[in-house]
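Asks: Structure provided below as structure tokens; questions to follow.
The values are calculated or read from the model by the stated rules, or taken from the named source; none is laboratory data. Note that the coordinates shown come from a computational prediction; the quantities given were computed from them, not determined experimentally. With ideal geometry, Cβ positions are generated from the backbone for all residues, glycine too; neighbour counts draw on all protein chains shown. Only protein heavy atoms, including side chains, enter the accessible area calculation; ligands, DNA and RNA are left aside. Shrake-Rupley method; radii C 1.70, N 1.55, O 1.52, S 1.80 Å.
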Amino acid sequence: MDYDKIVESIYDCAANPELWPNALGAIKDAVGGAYAFAGFVDVTEIGVGKAPKITRFNSAWDEAWIEKLIASLPTLANDNPDGSGLVGFELDNSWTQLSRTDEAEFQKSDFYNYWVKPQGLRDTLNTPFLQRAGLVGLLAIPSYASREPYGTKECKLIERLSPHIRRAMVINEIADKGKLALALYRSVLDRLSVPVFIVGLGGKMNFCNTAADALLADGNFLRLNAGIIKAARATIETTALNDAMDRALKGDVAVGISGIGVPLTGKNGERAAAYVLPIAGNDLRGDLGQGSCLLFIARRGEQQPIAIEIMRTMFDLTIAEAQIAILIAQGDSPQSIAEALSISINTVRSHLKAVFAKTRTSSQTALGALVNGFIPAVR
């Protein structure tokens with residue numbers, strides 16, 4: 001299955017979570033893995049010997065071994081007090097077991113002999129696709145013992161897919177945990193407690209459910225101007241939202257990382273986030289008509305994106321660019337950033353130049369004002 005088809009299958013899962021095993025099967029085939037596992041882990045009690053709360057999906061595999069893995073998570077966290085045994089690197093940043101651990105040493109571990117070796121496995125490709133307060137979303141793809149360790153090619157592919165998985169998984173959660181059902185008819189949307197809009201070109205509202213109608217009447221986060229949906233407060237939020245919706249109308253791949261948690265600011269500093277789902281050109285999501293996309297508004301605290309995710313989705317920044325933009329907004333100098341991230345000052349300057357271009361700012365002061373203007377408590 002090619003990349004475009006995999007992205008399409010991921011977004012089908014936003015409409016019907018029961019399809020995750022199929023999508024994850026396509027993902028593991030694309031990197032030559034044994035199986036793929038994706039889910040949310042509540043990390044608030046990880047590392048204190050308690051079983052974590054987890055919502056998960058996986059491609060076809062022996063369920064007993066999956067349950068053994070879940071039971072092992074507290075032990076893995078205890079073996080890595082900093083949490084690196086579970087979440088590893090930054091959001092959307094892939095890493096492999098054998099790139100961080102000497103294989104000979106790994107094969108001496110209890111986890112290897114208890115769980116890895118009996119299944120004929122070797123390496124694992126891991127990617128944190130979601131980070132919220134107390135919540136981590138992780139994609140893990142073990143490989144067979146007969147396969148060479150994962151390389152850069154496989155890591156880069158999964159990093160491209162990670163934001164799409166995040167969008168679909170979050171929509172699963174905010175849309176009453178799967179009540180979108182198999183067909184996204186308007187009568188189904190009207191029964192959802194989350195505000196949902198069907199939006200056409202240029203942000204034109206074609207339909208809103210009861211919850212969305214109430215949101216517009218309140219005027220706290222969104223408003224209508226000549227039938228066009230706009231953010232109630234900040235122009236920059238409207239620009240990012242309309243860009244995401246217009247890109248979503250072009251299809252699953254064209255939407256990229258835009259529209260995954262666009263921040264919306266209320267009158268008194270309340271926060272909400274907008275999630276855009278493409279529906280064009282697909283039988284499962286296409287029942288709502290061509291030339292439209294779905295807009296979900298999430299208001300619960302755990303559904304709000306973190307600063308690095310906001311910077312990525314608002315300005316299409318890379319992970320490194322987003323990190324540097326946030327540190328500049330905190331008042332750090334390029335030299336201190338280079339030291340903190342263990343990179344050269346020239347690399348920082350190169351990333352900063354790209355950030356200026358993408359955010360249409362021309363100085364560190366202007367960039368800091370921009371970031372701090374729409375990311376509350378960025379520190």
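Asks: Looking only at residues that are aromatic (F, W, Y) and touching a Lys or Arg at 6+ places or on another chain (Cβ under 8 Å) in region 115-154, which one is farthest from W20 (Cα to Cα)? Step through it out loud before you land on a result.
Replies: Here is the first cut: in region 115-154, the residues aromatic (F, W, Y) are 115, 129, 144, 150.
From the residues that got through so far, the ones that are touching a Lys or Arg at 6+ places or on another chain (Cβ under 8 Å) too are 115, 129, 144.
On the way: W115: 24, F129: 15, Y144: 21 Å.
Step by step, filter region 115-154, then rank; the result is W115.
Asks: Which of (1) at negative phi; (2) modelled with pLDDT of 90 or more; (3) under 15 Å from the mean Cα position of the chain (by Cα) does E173 not meet, given it meets every other one?
Replies: (2)
Asks: Taking the conditions exactly as written (closer than 16 Å to L139 by Cα, at pLDDT 90 or above and of a type outside the set (F, W, Y)), does S94 satisfy them or not?
Replies: Criteria met by S94.
Asks: From the residues in region 39-74 that are in contact with a strand residue (DSSP E or B) (Cβ under 6 Å, 6 or more places away or on another chain) and assigned to a loop (DSSP other than H, G, I, E, B), which one is modelled with the lowest pLDDT?
Replies: Among them, the one singled out is P52.
Asks: Turning to a different aspect of this structure: Tell me which of these D316 doesn't satisfy, since it passes every other one: (1) open to solvent by 20 Å² or more (accessible area, probe 1.4 Å); (2) farther than 17 Å from R166 by Cα; (3) modelled with pLDDT of 80 or more; (4) among the charged types (D, E, K, R).
Replies: (2)
Asks: Ok, one more. Name the residues in region 323-368 that are assigned to a helix (DSSP H, G or I), open to solvent by 70 Å² or more (accessible area, probe 1.4 Å) and either of a type outside the set (K, R) or closer than 21 Å to T238 by Cα (or both), would you?
Replies: Correct list: Q335, E339, A340, N346, S350, A357, K358, Q364, T365.
Asks: Do we find that A34 is over 20 Å from N172 (Cβ atoms) and modelled with pLDDT of 90 or more in this structure? Write out each step before concluding.
Replies: On the way: over 20 Å from N172 (Cβ atoms): yes; modelled with pLDDT of 90 or more: yes.
Yes; evaluated as a whole, the condition is true for this residue.
Asks: Under the condition of being of a type in the set (D, E, K, R) and closer than 24 Å to M311 by Cβ, which residue from region 125-158 is farthest from the chain's Cα centre (by Cα)?
Replies: K156
Asks: Also, quick follow-up: Does A226 fit the bill of being more than 21 Å from G291 (Cβ to Cβ) and open to solvent by 10 Å² or more (accessible area, probe 1.4 Å)?
Replies: Answer is no for this residue.
Asks: Can you tell me which of (1) modelled with pLDDT under 75; (2) more than 23 Å from the chain's Cα centre (by Cα); (3) in a helix (DSSP H, G or I) is the one A77 doesn't meet?
Replies: Going through (1) modelled with pLDDT under 75; (2) more than 23 Å from the chain's Cα centre (by Cα); (3) in a helix (DSSP H, G or I) one by one, A77 breaks only (2).
Asks: Just checking, how many residues over region 107-134 are in contact with a strand residue (DSSP E or B) (Cβ under 9 Å, 6 or more places away or on another chain), among the small types (G, A, S) and more than 18 Å from I66 (Cβ to Cβ)?
Replies: So the count comes out to 1.
So that you can scan it fast, the table gives a plain yes or no per residue for (1) more than 20 Å from I310 (Cα to Cα); (2) buried (at least 23 other Cβ atoms within 10 Å of the Cβ); (3) out of contact with any His (no Cβ under 7 Å at 6 or more places or on another chain):
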| site | (1), (2), (3) |
| --- | --- |
| D213 | yes, no, yes |
| L216 | yes, no, yes |
| F221 | no, yes, yes |
| T235 | no, no, yes |
| L249 | yes, no, yes |
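Asks: Quick check on region 235-252. Is at least one of its residues within 19 Å of R300 (Cα to Cα) and charged (D, E, K, R)?
Replies: Scanning region 235-252, I find at least one residue that is within 19 Å of R300 (Cα to Cα) and charged (D, E, K, R), so the answer is yes.
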